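The values are calculated or read from the model by the stated rules, or taken from the named source; none is laboratory data. All values reported here derive from a predicted model rather than from experimental measurement. For neighbour counting, all protein chains shown are included, and Cβ atoms are generated from backbone atoms with ideal geometry for every residue, glycine included. Accessible surface areas use protein heavy atoms only, side chains included; no ligands, DNA or RNA. Shrake-Rupley method; radii C 1.70, N 1.55, O 1.52, S 1.80 Å.
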Amino acid sequence: MIPMHRFSLLAILLVLSAFTPPTKITVYLIGDSTMSIKQVKAYPETGWGMPFAYFFDETVTVDNRAQNGRSTRTFIEENRWQPVVDQLKEGDHVFIQFGHNDEVPTKKSYTTEADFRPNLLRFITETRAKKATPVLITPVARRKFDEAGKVEGTHTVYAELVRKVAAENKTPLIDLDTQSQQLLQQFGVENSKLLFLQLAPGEHPNYPEGKEDNTHFSELGARRMAEIVLANIKSLKLDLADRIVKPEKAK
(Lines give C-alpha, C1' and ligand atoms only; values in the text may rest on other atoms or scores of the structure.)
Protein backbone atom coordinates (compact mmCIF):
# COMPACT_ATOMS: atom_id res chain seq x y z
CA MET A 1 0.00 0.00 0.00
CA ILE A 2 1.33 3.44 -1.01
CA PRO A 3 1.71 5.85 1.96
CA MET A 4 -0.65 8.84 1.73
CA HIS A 5 2.16 11.41 1.52
CA ARG A 6 3.78 9.56 -1.38
CA PHE A 7 0.42 9.21 -3.11
CA SER A 8 -0.14 12.95 -2.80
CA LEU A 9 3.32 13.71 -4.18
CA LEU A 10 2.71 11.37 -7.12
CA ALA A 11 -0.60 13.05 -7.84
CA ILE A 12 1.04 16.49 -7.81
CA LEU A 13 3.77 15.34 -10.20
CA LEU A 14 1.18 13.91 -12.57
CA VAL A 15 -0.76 17.16 -12.55
CA LEU A 16 2.38 19.21 -13.17
CA SER A 17 3.47 16.95 -16.03
CA ALA A 18 0.08 17.42 -17.67
CA PHE A 19 0.72 21.18 -17.79
CA THR A 20 4.29 21.05 -19.05
CA PRO A 21 4.54 23.74 -21.72
CA PRO A 22 5.41 22.52 -25.24
CA THR A 23 9.01 22.84 -26.36
CA LYS A 24 9.79 26.00 -28.26
CA ILE A 25 10.71 25.40 -31.89
CA THR A 26 11.88 27.35 -34.91
CA VAL A 27 10.39 27.23 -38.39
CA TYR A 28 13.00 28.19 -40.97
CA LEU A 29 11.90 29.50 -44.35
CA ILE A 30 14.41 29.12 -47.17
CA GLY A 31 13.59 30.27 -50.65
CA ASP A 32 13.32 33.23 -53.00
CA SER A 33 11.74 36.69 -53.21
CA THR A 34 8.16 35.44 -53.22
CA MET A 35 8.74 34.25 -49.64
CA SER A 36 11.27 36.76 -48.31
CA ILE A 37 11.06 39.73 -45.94
CA LYS A 38 10.95 43.00 -47.87
CA GLN A 39 12.72 46.26 -47.17
CA VAL A 40 10.60 49.33 -46.42
CA LYS A 41 11.55 50.85 -49.78
CA ALA A 42 9.87 47.90 -51.55
CA TYR A 43 6.50 48.30 -49.76
CA PRO A 44 3.74 47.33 -50.54
CA GLU A 45 5.61 44.34 -52.02
CA THR A 46 5.24 41.53 -49.48
CA GLY A 47 6.71 38.04 -49.33
CA TRP A 48 4.25 35.40 -48.12
CA GLY A 49 6.64 34.48 -45.31
CA MET A 50 5.93 37.85 -43.67
CA PRO A 51 2.26 37.31 -42.72
CA PHE A 52 2.95 33.59 -42.23
CA ALA A 53 4.99 34.41 -39.12
CA TYR A 54 1.95 35.77 -37.27
CA PHE A 55 -0.21 32.65 -37.42
CA PHE A 56 1.58 30.70 -34.69
CA ASP A 57 1.52 30.73 -30.91
CA GLU A 58 4.36 31.88 -28.67
CA THR A 59 6.11 28.48 -28.85
CA VAL A 60 7.04 29.06 -32.51
CA THR A 61 9.69 31.37 -33.92
CA VAL A 62 9.56 31.85 -37.69
CA ASP A 63 13.06 32.55 -39.01
CA ASN A 64 12.69 33.74 -42.59
CA ARG A 65 16.02 33.23 -44.40
CA ALA A 66 14.56 33.53 -47.92
CA GLN A 67 16.35 36.01 -50.16
CA ASN A 68 15.47 37.80 -53.39
CA GLY A 69 16.88 36.19 -56.51
CA ARG A 70 18.17 33.01 -54.89
CA SER A 71 18.06 29.49 -56.26
CA THR A 72 18.94 26.22 -54.57
CA ARG A 73 22.46 26.53 -55.94
CA THR A 74 23.16 30.13 -54.95
CA PHE A 75 21.52 29.66 -51.54
CA ILE A 76 24.07 26.94 -50.85
CA GLU A 77 27.05 28.61 -52.54
CA GLU A 78 26.53 31.89 -50.67
CA ASN A 79 26.69 29.99 -47.37
CA ARG A 80 23.05 30.75 -46.53
CA TRP A 81 22.14 27.12 -45.92
CA GLN A 82 24.94 26.01 -43.60
CA PRO A 83 24.06 28.50 -40.84
CA VAL A 84 20.53 27.06 -40.83
CA VAL A 85 21.90 23.52 -40.48
CA ASP A 86 24.18 24.61 -37.66
CA GLN A 87 21.26 26.02 -35.66
CA LEU A 88 18.69 23.30 -36.35
CA LYS A 89 17.47 21.30 -33.40
CA GLU A 90 15.04 18.46 -32.86
CA GLY A 91 11.44 19.51 -33.51
CA ASP A 92 12.30 22.41 -35.83
CA HIS A 93 10.88 22.65 -39.36
CA VAL A 94 12.42 23.82 -42.63
CA PHE A 95 10.08 25.03 -45.38
CA ILE A 96 11.89 24.82 -48.73
CA GLN A 97 10.56 26.76 -51.73
CA PHE A 98 12.74 27.21 -54.79
CA GLY A 99 12.30 27.13 -58.55
CA HIS A 100 11.62 30.70 -59.66
CA ASN A 101 15.29 31.49 -60.14
CA ASP A 102 16.60 27.96 -60.67
CA GLU A 103 14.54 27.53 -63.84
CA VAL A 104 15.66 30.60 -65.85
CA PRO A 105 18.73 29.85 -68.04
CA THR A 106 19.50 33.54 -68.54
CA LYS A 107 19.87 34.22 -64.80
CA LYS A 108 23.10 33.87 -62.85
CA SER A 109 21.11 31.80 -60.37
CA TYR A 110 20.21 29.18 -63.00
CA THR A 111 20.37 25.62 -61.72
CA THR A 112 20.16 22.72 -64.15
CA GLU A 113 17.52 20.06 -63.63
CA ALA A 114 20.34 17.62 -62.89
CA ASP A 115 21.61 19.83 -60.04
CA PHE A 116 18.23 20.98 -58.74
CA ARG A 117 17.23 17.54 -57.48
CA PRO A 118 20.37 16.81 -55.40
CA ASN A 119 20.21 20.32 -53.94
CA LEU A 120 16.69 19.64 -52.69
CA LEU A 121 17.80 16.25 -51.42
CA ARG A 122 20.63 17.90 -49.49
CA PHE A 123 18.16 20.20 -47.74
CA ILE A 124 16.02 17.19 -46.82
CA THR A 125 18.86 14.94 -45.67
CA GLU A 126 20.68 17.51 -43.57
CA THR A 127 17.43 18.68 -41.97
CA ARG A 128 16.51 15.13 -40.99
CA ALA A 129 19.98 14.51 -39.63
CA LYS A 130 19.18 17.14 -36.99
CA LYS A 131 15.83 15.41 -36.23
CA ALA A 132 14.00 18.35 -37.76
CA THR A 133 11.20 18.19 -40.35
CA PRO A 134 11.76 19.27 -43.98
CA VAL A 135 8.74 20.43 -46.01
CA LEU A 136 9.05 20.88 -49.77
CA ILE A 137 7.01 23.58 -51.50
CA THR A 138 6.57 23.91 -55.26
CA PRO A 139 7.29 27.43 -56.63
CA VAL A 140 4.30 29.73 -56.26
CA ALA A 141 2.47 30.71 -59.46
CA ARG A 142 3.07 33.82 -61.50
CA ARG A 143 0.07 35.75 -62.78
CA LYS A 144 -0.28 34.66 -66.38
CA PHE A 145 -3.51 34.06 -68.30
CA ASP A 146 -4.13 32.96 -71.88
CA GLU A 147 -6.53 34.75 -74.25
CA ALA A 148 -9.42 32.67 -72.95
CA GLY A 149 -8.77 33.79 -69.37
CA LYS A 150 -7.29 30.51 -68.20
CA VAL A 151 -4.28 30.53 -65.90
CA GLU A 152 -1.08 29.29 -67.50
CA GLY A 153 1.57 27.51 -65.48
CA THR A 154 5.11 28.86 -65.71
CA HIS A 155 6.90 26.38 -63.42
CA THR A 156 5.85 23.09 -65.00
CA VAL A 157 9.25 21.39 -65.13
CA TYR A 158 10.71 22.51 -61.81
CA ALA A 159 7.46 22.15 -59.89
CA GLU A 160 7.26 18.56 -61.08
CA LEU A 161 10.85 17.97 -59.97
CA VAL A 162 9.90 19.13 -56.48
CA ARG A 163 6.93 16.76 -56.47
CA LYS A 164 9.10 13.83 -57.54
CA VAL A 165 11.79 14.50 -54.94
CA ALA A 166 9.09 14.74 -52.26
CA ALA A 167 7.50 11.44 -53.34
CA GLU A 168 10.81 9.58 -53.64
CA ASN A 169 11.96 10.71 -50.21
CA LYS A 170 8.62 10.58 -48.39
CA THR A 171 8.83 14.28 -47.63
CA PRO A 172 5.78 16.43 -46.84
CA LEU A 173 4.81 18.40 -49.95
CA ILE A 174 2.84 21.62 -50.32
CA ASP A 175 1.91 22.02 -53.98
CA LEU A 176 1.76 25.79 -53.90
CA ASP A 177 2.13 26.01 -57.69
CA THR A 178 -1.11 24.13 -58.33
CA GLN A 179 -3.06 25.67 -55.48
CA SER A 180 -1.98 29.25 -56.16
CA GLN A 181 -2.96 28.78 -59.81
CA GLN A 182 -6.39 27.71 -58.60
CA LEU A 183 -6.61 30.84 -56.47
CA LEU A 184 -5.68 33.07 -59.42
CA GLN A 185 -8.31 31.36 -61.54
CA GLN A 186 -10.93 32.03 -58.88
CA PHE A 187 -10.00 35.72 -58.83
CA GLY A 188 -9.94 36.00 -62.62
CA VAL A 189 -7.87 38.06 -65.02
CA GLU A 190 -8.61 41.50 -63.55
CA ASN A 191 -9.22 40.81 -59.86
CA SER A 192 -6.06 38.71 -59.62
CA LYS A 193 -4.09 41.94 -60.06
CA LEU A 194 -5.07 42.72 -56.46
CA LEU A 195 -2.86 39.84 -55.32
CA PHE A 196 0.26 41.23 -56.98
CA LEU A 197 2.38 44.36 -56.98
CA GLN A 198 0.19 46.26 -59.43
CA LEU A 199 0.22 50.04 -58.94
CA ALA A 200 -0.88 52.95 -61.07
CA PRO A 201 1.50 55.92 -61.56
CA GLY A 202 1.40 58.13 -58.49
CA GLU A 203 -0.47 55.56 -56.40
CA HIS A 204 2.43 54.93 -54.02
CA PRO A 205 5.55 57.03 -53.29
CA ASN A 206 7.82 53.99 -53.57
CA TYR A 207 6.69 53.53 -57.17
CA PRO A 208 5.99 57.01 -58.59
CA GLU A 209 5.88 55.65 -62.14
CA GLY A 210 3.63 52.76 -61.16
CA LYS A 211 4.37 49.04 -61.22
CA GLU A 212 3.11 46.00 -63.12
CA ASP A 213 4.62 42.98 -61.41
CA ASN A 214 3.05 39.56 -61.93
CA THR A 215 5.52 37.69 -59.72
CA HIS A 216 5.67 39.52 -56.40
CA PHE A 217 2.76 39.96 -54.05
CA SER A 218 0.75 42.73 -52.50
CA GLU A 219 -0.12 42.44 -48.82
CA LEU A 220 -3.37 40.72 -49.78
CA GLY A 221 -1.63 38.29 -52.11
CA ALA A 222 1.03 37.39 -49.55
CA ARG A 223 -1.59 36.68 -46.91
CA ARG A 224 -3.63 34.49 -49.26
CA MET A 225 -0.52 32.46 -50.17
CA ALA A 226 0.38 32.12 -46.49
CA GLU A 227 -3.14 30.87 -45.82
CA ILE A 228 -2.69 28.17 -48.47
CA VAL A 229 0.50 27.02 -46.76
CA LEU A 230 -1.23 27.02 -43.36
CA ALA A 231 -4.13 24.96 -44.71
CA ASN A 232 -1.62 22.41 -45.98
CA ILE A 233 0.13 22.23 -42.62
CA LYS A 234 -3.22 21.15 -41.20
CA SER A 235 -4.14 18.73 -44.00
CA LEU A 236 -0.69 17.12 -43.84
CA LYS A 237 -1.21 16.73 -40.09
CA LEU A 238 2.22 18.13 -39.30
CA ASP A 239 2.98 18.52 -35.59
CA LEU A 240 3.23 22.23 -36.32
CA ALA A 241 -0.54 22.35 -36.91
CA ASP A 242 -1.18 22.21 -33.16
CA ARG A 243 0.71 25.48 -32.75
CA ILE A 244 -1.36 27.52 -35.21
CA VAL A 245 -3.42 30.11 -33.36
CA LYS A 246 -7.14 30.37 -33.85
CA PRO A 247 -8.19 32.84 -36.59
CA GLU A 248 -9.51 35.44 -34.17
CA LYS A 249 -6.13 35.52 -32.42
CA ALA A 250 -4.02 35.84 -35.58
CA LYS A 251 -2.73 39.32 -36.32
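Is it the case that V140 is surrounded by fewer than 18 Cβ atoms within 10 Å (Cβ to Cβ) and of a type in the set (A, V, I, L, M)? Spelling it out, it is not the case that V140 is surrounded by fewer than 18 Cβ atoms within 10 Å (Cβ to Cβ) and of a type in the set (A, V, I, L, M).
The residues in segment 84-96 that are open to solvent by 40 Å² or more (accessible area, probe 1.4 Å) and closer than 19 Å to M35 by Cβ can be counted, and the count is 1. Applying the condition of being part of a loop (DSSP other than H, G, I, E, B) and among the hydrophobic types (A, V, I, L, M, F, W, C) to segment 44-68 and asking which residue is surrounded by the most Cβ atoms within 10 Å (Cβ to Cβ) yields W48.
The single condition from (1) of a type outside the set (K, R); (2) open to solvent by 70 Å² or more (accessible area, probe 1.4 Å); (3) more than 14 Å from the chain's Cα centre (by Cα) that S71 fails is (2). Checking each residue of segment 112-124 against the condition of being open to solvent by 80 Å² or more (accessible area, probe 1.4 Å), over 25 Å from A226 (Cβ atoms) and β-branched (V, I, T) gives no match. Only a single criterion out of (1) under 22 Å from M50 (Cα atoms); (2) not in a loop (DSSP other than H, G, I, E, B) is not satisfied by G91, namely (2).
Each row is one residue, and each column tells you yes or no for (1) open to solvent by 40 Å² or more (accessible area, probe 1.4 Å); (2) more than 29 Å from V157 (Cβ to Cβ).
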| site | (1), (2) |
| --- | --- |
| I174 | no, no |
| K193 | yes, no |
| F196 | no, no |
| E203 | yes, yes |
| Y207 | no, yes |
| G210 | no, yes |
| D213 | no, no |
| G221 | no, no |
| A231 | yes, no |
